[in-house]
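Below you'll find the structure, written out as structure tokens, and then a few comments.
The values are calculated or read from the model by the stated rules, or taken from the named source; none is laboratory data. What you see is a predicted model; the values in this text were computed from it and never measured. As a convention, Cβ positions derive from the backbone with ideal geometry for all residues, glycine included, and neighbour counts pool all protein chains shown.
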Amino acid sequence: MENNKIKLLIISILIIFSMQFSFATLKIDQIQFDPAIITAGDNVDIIVQFRDNSSSFITKDKLGNPEYKFKVSLESNDDLTKKYITIVDSVGDNLFGTIYSGQVYNKKFRIKVEPLAPASNYQFKLVGQWYKNGFPEELTEEMTFLMNVKKEGILLEIPTITTVPAQIRPGDKFVEIKTFIENLGLKDARSIKISLNLPEGISNSYSNNNDLWIGTLNGGTSRNISFFVNLEDNLEAKVYNLNYSLNYFDIDNNPYSKEKSIAFLVKPKANLVVEEVIGSGLAGDNGQLKVRIKNIGGQTAENIDVRILKENSQPFQLDIRSDYIGQLKPNESGVAIFNFKINSDAQIKNHDFKLILRAKGDSNEGDDTIYTYTRRAQFDVVGTAKNYYLIFGFSALALFLIYLLFTKLGGKKKK
């Protein structure tokens, strides 16, 4: 009894040891792949060559015995393989027959590698099962092996971008994003559509919404593309992720969709606004308009000039139409002053002026751009000034009439 236990233990150890290299029943001489270099999207034949393991005393009684048959099947052996590999034929040319000593047996399995499968090692498992008179025995035998996928089949990428202008700042319009799309894989992609999805504050320059149709892009080729965007004036300066979607088909007409993004740097700039307007006067009098300008942007504004534009119909006469402020750092303010004459026929109401603010970018940041801002300012005509010339005239006339009256009365008394 004790000898039988020892014998069973030795047999179990021998089985476990032999399974690390082969089936206990059959040795594997070699495993071949067709094609030899595998890429994503390939249909692959896996050819396994077996030879009887005559040294295995466990199965010597089964070799050449028509009562025994041996079946081998292929299975995925890890999550990556289960996700990206489809086993089209798991039994193939079935090795389901009598095994004879000294014979070589070839078995072919067929698999499909998904086009989006990443380059990696994929693990498979061969499962062997003996059948006696058509009924499976309890013990199964397993052996694992790896298949290397060298490269992705279709790999569409937008690797880098350039822009026109080179430095992007808030308020820029019709900015061209120049780039190219390349297929780094070995399989062709068809009917490619790229859609650029923009964050808040950045919009499409044209009505096509930056939807581009590329057509076919063969493996290992690229194509130049461009997008056009507008930036709002108050857009925050930072790095934005411009998301884009890729929709395409493979040569078997299977659809695919990917979401990716490209980095888009928006640099800061000055932003001049009208912070306060002070000005009111009387028709027929002199007036003064004070405009406080503030830099709410992220860079210094240099050489600031404020110009006031008057329509011909507006009842004002301006001696000087522009005022120079100079430089304003972020969050600094400056005042432009305009003196003018208010016509006597000016209506009592709020009069609106257009202001043109011109400034150069921050030279310390390499920004030599001349920026122009259109703003508004209002001046109130609140009443009509007294006509002192008319009052003086009436007063002089009254004095003259009084003088004449006293002169006449004095002449009558002398008579």
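Structure notes:
- Scanning segment 246-269 for residues that are in a strand (DSSP E or B), of a type outside the set (D, E, K, R) and within 16 Å of Arg190 (Cα to Cα) gives Leu246, Asn247, Tyr248, Phe249, Pro255, Tyr256, Ser257.
For every residue, the table says whether it meets (1) crowded, with 19+ Cβ neighbours inside 10 Å; (2) at positive phi.
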site	(1), (2)
Lys258	no, no
Phe264	yes, no
Leu272	yes, no
Ala283	no, no
Pro315	no, no
Gly326	no, yes
Gln347	no, no
Arg358	no, no
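- Scanning segment 236-245 turns up one or more residues that are surrounded by 14 or more Cβ atoms within 10 Å (Cβ to Cβ), touching a Gly at 6+ places or on another chain (Cβ under 8 Å), in contact (Cβ under 8 Å) with a residue 40 or more places away in the chain and outside any strand (DSSP E or B).
- Take the conditions (1) surrounded by 14 or more Cβ atoms within 10 Å (Cβ to Cβ); (2) more than 29 Å from Gly220 (Cβ to Cβ); (3) modelled with pLDDT of 85 or more; Leu80 misses just one of them, which is (2).
- Number of the condition not met by Asn286 [criteria: (1) in the same structural domain as Ser195 (by TED's automatic domain parsing); (2) touching a Lys or Arg at 6+ places or on another chain (Cβ under 7 Å)]: (1)
- Looking across Glu259, Glu332, Glu365, Glu311, one residue alone is touching a residue at least 60 places away in the same chain (Cβ under 8 Å) and acidic (Asp, Glu). It is Glu365.
Here is a yes/no grid of residues against (1) closer than 30 Å to Gln299 by Cβ; (2) modelled with pLDDT under 90:
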{"site": "Leu235", "(1), (2)": "yes, no"}
{"site": "Asn247", "(1), (2)": "no, no"}
{"site": "Pro255", "(1), (2)": "no, yes"}
{"site": "Ala263", "(1), (2)": "yes, no"}
{"site": "Leu272", "(1), (2)": "yes, no"}
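- Among residues of segment 61-88, those that are part of a strand (DSSP E or B), under 38 Å from the mean Cα position of the chain (by Cα) and of a type in the set (S, T, N, Q), counted: 2
- Yes/no for Lys125 being within 35 Å of the chain's Cα centre (by Cα) and in a strand (DSSP E or B): no
- Taken over segment 119-152, the criterion of being acidic (Asp, Glu) and either under 21 Å from Lys82 (Cα atoms) or surrounded by 13 or more Cβ atoms within 10 Å (Cβ to Cβ) (or both) is satisfied by Glu141, Glu142, Glu152.
- Qualifying residues in segment 192-225 (those that are in contact with a strand residue (DSSP E or B) (Cβ under 7 Å, 6 or more places away or on another chain), assigned to a loop (DSSP other than H, G, I, E, B) and of a type in the set (S, T, N, Q)) - the one surrounded by the most Cβ atoms within 10 Å (Cβ to Cβ): Asn210
- For beta carbons closer than 9 Å, sequence separation of 6+ or different chains, a first residue in segment 130-151 that is part of a strand (DSSP E or B) and a second that is among the aromatic types (Phe, Trp, Tyr) and exposed (fewer than 11 other Cβ atoms within 10 Å of the Cβ), the qualifying pairs are Met143/Phe21.
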